[in-house]
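Just so it is clear, none of the values below were taken in a lab; they were calculated from the coordinates. In this text the structure is predicted, and so the values were computed from the model without any measurement. For neighbour counting, all protein chains shown are included, and Cβ atoms are generated from backbone atoms with ideal geometry for every residue, glycine included.
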2 protein chains.
Amino acid sequence: MAKEFRVTPWEVRGNVDYDKLVRQFGTQHITAEQAREIEELAGQRSRFLDRKIFFSQRGLSEFIEAHRKGKRVALYTGRGPSGGTHLGHLMPYYFTKYLQDAFGCDVYYQLTDDEKYLFKDNLSREDTAKYSLENALDFLAAGFDPARTHVIINTKAANVLYPLALDVAKRVTYSTAKAVFGFDDSTNIGSIFFTAMQSAPAFLPTVLAREKNKKAPPVPVLIPCAIDQDPHFRVTRDVAEKLDYPKPSLIHAKFLPALKGGEKMSASDDSTSIYVTDTPKQVAKKVGGAFTGGQATVEEQRAKGGNPDVCSVCAYLSYFFEPDNEKLTERLDAYRRGELLDGENKAYLTDKINSFLKEHNERKEKARKTLEKTLLC
Amino acid sequence: MAKEFRVTPWEVRGNVDYDKLVRQFGTQHITAEQAREIEELAGQRSRFLDRKIFFSQRGLSEFIEAHRKGKRVALYTGRGPSGGTHLGHLMPYYFTKYLQDAFGCDVYYQLTDDEKYLFKDNLSREDTAKYSLENALDFLAAGFDPARTHVIINTKAANVLYPLALDVAKRVTYSTAKAVFGFDDSTNIGSIFFTAMQSAPAFLPTVLAREKNKKAPPVPVLIPCAIDQDPHFRVTRDVAEKLDYPKPSLIHAKFLPALKGGEKMSASDDSTSIYVTDTPKQVAKKVGGAFTGGQATVEEQRAKGGNPDVCSVCAYLSYFFEPDNEKLTERLDAYRRGELLDGENKAYLTDKINSFLKEHNERKEKARKTLEKTLLC
């Protein structure tokens with residue numbers, strides 16, 4: 001039987017049952033029709049849609065429809081800068097870049113340095129500020145068009161965000177925040193307020209458009225994010241109606257599993273996650289120590305076969321690193337039949353990750369030149 | 001028997017018993033020695049100290065001592081911009097100007113447009129932004145040195161204030177905020193956070209000094225304010241220690257009574273307050289309708305005398321408009337003996353207010369030129 005799991009914006013615990021989560025959160029699965037429509041707009045398929053890595057949504061059809069009608073739309077995603085960037089962070093960045101191409105629109109990337117400072121006892125404002133700049137480079141390295149990309153560091157862009165956050169905060173009671181986020185008397189007052197700052201960028205594209213032209217139509221926003229962020233945006237969607245903004249649409253990702261099995265990759269446990277700063281040797285070592293679906297001995301694996309469904313190495317290939325659908329199916333089948341052994345599979349994944357990181361880090365170096373002009377101040 | 005009274009940052013109700021409030025809040029009365037020291041530094045007496053209009057304090061001796069030792073110090077005061085400026089607002093401004101002269105230091109003036117928007121259902125952000133600029137002109141009109149005066153409009157200076165507010169908010173639990181301010185489940189999450197924004201300027205002088213010179217010593221701050229603001233600064237003082245800033249010192253004012261008797265002047269009830277924008281005729285009419293300590297008929301007043309202790313007209317002269325201590329005593333005595341009638345007393349006050357407002361408004365016009373350069377952005 002599956003262990004109990006728990007998913008909040010600040011904690012992911014246990015083996016997540018995504019179907020159950022969709023029911024718990026009251027979201028909808030992405031339909032084949034919706035996936036097809038996005039792929040049509042992008043002019044190419046996405047392994048993240050094909051393989052249901054992005055699997056859940058709210059209001060996705062309304063967003064696609066708005067774009068089809070020629071309305072200006074925008075994307076909004078983000079990161080809590082509590083450490084360096086690992087592969088679990090990169091996956092949604094690369095999908096968001098795919099969405100930018102599909103919808104030909106601006107993307108807003110929020111770094112919640114305020115949140116991480118407020119929620120983590122051991123982080124200083126200097127820490128979260130430093131991680132923000134580093135994280136932003138990894139975001140840009142996914143290939144976003146710098147001219148259409150806006151990096152928001154909350155404490156640096158407070159003049160822009162704080163007034164919008166007030167609009168939200170005025171309309172969210174403590175009672176609601178307590179119910180949605182599980183706060184109690186010991187929660188600090190900054191953490192209680194914070195969700196308002198995460199809501200603000202959902203309305204920002206409309207606000208900025210109206211600064212240029214008072215009569216500009218509202219700009220529908222799609223938020224690609226991991227499903228743990230959904231509670232924030234339930235609040236945002238409720239408030240949007242009261243403020244007469246379009247409700248932001250959402251498209252939710254699963255978590256890239258931890259290399260050692262189980263929960264999502266964690267920015268606070270080094271050995272279970274692969275960082276963009278890891279050397280090829282470190283990658284090989286981490287993948288080498290991964291939890292797999294193999295048997296105790298080579299002989300046994302040849303005889304009984306492996307189980308790709310519980311194998312982290314197979315998961316990494318499925319989630320991200322084997323772009324070719326056919327090759328992936330062949331590989332997983334071979335693994336199941338005992339023809340493909342863990343050692344070979346690990347070597348294959350290691351190569352894939354290392355060549356990906358090499359290119360990613362080259363793009364990251366180039367992004368240093370464009371970062372400044374993408375900052376929203 | 002006195003009615004029950006209630007004093008919070010958002011409500012002043014009933015006839016305030018200031019001695020009881022000092023005990024309730026745990027502040028100290030200003031001593032004769034402290035008043036003398038300030039008057040010595042200012043080189044002139046202050047009717048606000050002589051008459052105990054500013055009557056209570058926290059840590060005042062420490063602040064005076066720091067200044068005497070040659071340390072750089074600063075003043076911080078403010079206003080919630082919920083409407084135009086009335087005489088009740090001006091009184092502490094003029095005393096703060098006196099303190100600026102006494103201590104020869106910078107003054108920070110915070111306009112909490114965020115607070116008023118969050119706490120008042122009927123105010124929009126546009127309203128509080130508009131009032132902020134108007135209120136700032138009335139502050140500057142009290143004669144502050146523009147080169148040493150910094151006007152902080154919270155939503156405009158959020159880039160500076162929000163990071164400091166996070167430092168505070170991280171160290172204040174909901175439990176504390178609930179106990180200090182009486183919040184409950186129906187309070188909005190912005191209101192809960194807000195006190196952190198009101199704390200921030202107490203640390204700003206030190207932060208700005210250290211931006212110029214990392215090793216700059218901390219800058220002790222004195223906060224002149226009406227006593228209803230004390231709960232905010234109790235929180236500030238608690239957090240100051242944790243953040244290694246000096247605890248701000250406080251000097252508290254009584255409320256200028258309402259013209260119709262009883263509670264403090266209210267920015268939301270027009271007839272009971274005199275605004276800087278009132279015409280001489282409006283002032284005469286409002287003073288004419290004031291609650292006095294007189295008797296039902298002229299004959300009765302001549303025979304029995306009036307009671308200056310419950311008379312709004314006498315209060316206005318005592319609090320603000322009769323600068324000469326001897327003249328005031330004579331006048332109140334004559335009133336008590338029935339020699340001075342309400343009509344004469346009202347005419348005297350009307351003249352005093354009108355000539356004061358004429359000069360104030362002339363200085364306000366001039367302040368339009370300096371406002372821009374005093375804004376902290």
Seminar exercise, completed: By the Kirkwood definition, with r running over pairs of different Cα atoms, the protein assembly as shown has a hydrodynamic radius in Å of 29.4
For this session: One decimal, nm, shortest first: give the distances between the label point of residue B:310 and those of the same position in the other copies, each label point 7 Å from Cα along Cα→Cβ.
Result: 8.6
Exercise. Calculated FRET efficiency, residue A:339 and residue A:51, Cβ-Cβ r, R0 25 Å, to nearest 0.05?
Worked result: 0.70
Exercise. What translational diffusion coefficient, in µm²/s and rounded to a whole number, does the Stokes-Einstein relation yield for the stretch A:275-335 at 4 °C and a viscosity of 1.567 mPa s, taking the hydrodynamic radius as the Kirkwood radius over Cα pairs?
Worked result: 102
Problem set entry | For A:144-155, mean number of other protein chain Cβ atoms within 10 Å | 1
Exercise. Tell me, in nm to one decimal, what length is gained between residue B:8 and residue B:307 on full extension, where the rule is 0.36 nm per residue of separation less the Cα-Cα distance?
Worked result: 104.7 nm
For this session: Post the alpha-carbon centroid distance, the stretch B:265-343 to the stretch A:283-306, in whole angstrom.
Result: 93
Problem set entry | At 1.002 mPa s and 20 °C, Stokes diffusion of the stretch B:266-307 via Kirkwood alpha-carbon radius, µm² per second | 178
Seminar exercise, completed: The FRET efficiency for residue A:297 and residue A:147, from their Cβ-Cβ distance with R0 = 51 Å and rounded to 0.05, is 0.35
For this session: Could you work out, residue by residue across A:167-179, how many beta carbons of other chains sit within 10 Å of that residue's beta carbon, and then give the average as an integer?
Result: 6
Exercise. Along the Cα-to-C-beta direction of residue A:44, a point sits 7 Å from the Cα; which residues of the stretch A:338-357 have their amide N less than 17 Å from that point?
Worked result: A:356-357
Seminar exercise, completed: 1/(1 + (r/R0)^6) with r = Cβ-Cβ of residue A:29 and residue A:214, R0 = 56 Å, i.e. FRET efficiency to nearest 0.05, evaluates to 0.90
Problem set entry | chain A: Cys lacking any partner C-beta under 4.7 angstrom | A:105, A:225, A:377
Exercise. Counting only other chains, what is the mean number of Cβ atoms within 10 angstrom of the Cβ of each residue in peptide B:193-199?
Worked result: 3
For this session: Take the Cα gyration tensor of chain B, multiply each eigenvalue by 5, square-root it, and list the three semi-axes largest first, rounded to whole angstrom.
Result: 35, 22, 21
Exercise. Once Rh is set to the Kirkwood radius over Cα pairs, what Stokes-Einstein translational diffusion coefficient, in µm²/s, holds for the stretch B:117-227 at a temperature of 20 °C and a viscosity of 1.002 mPa s?
Worked result: 132
Seminar exercise, completed: Copies of residue B:104 compared via label points 7 Å along Cα→Cβ give distances in nm, shortest first, of 6.7
For this session: Under 9 Å from the Cβ of residue B:205, count the other residues' Cβ atoms, weight Lys and Arg +1, Asp and Glu -1, and hand me the total.
Result: 0
Problem set entry | DSSP bridge pairs, the stretch B:6-259: antiparallel proportion in percent, nearest 5 | 35
Exercise. In nm, one decimal, shortest first: how far is the label point of residue A:243 (7 Å from Cα along Cα to beta carbon) from the matching points in the other copies?
Worked result: 2.6
Exercise. Once amide H atoms are built 1.01 Å from N in the peptide plane, which residues 5 or more positions from residue B:375, or in another chain, come under 5 Å H to H?
Worked result: B:151
For this session: Taking the Cβ of residue A:74 as the centre, find all other residues whose Cβ is under 10 Å away and add up their charges (Lys, Arg: +1; Asp, Glu: -1).
Result: +1
For this session: With all distinct Cα pairs included, what does the Kirkwood hydrodynamic radius of the stretch B:6-74 come out to in Å, to one decimal, could you say?
Result: 13.7
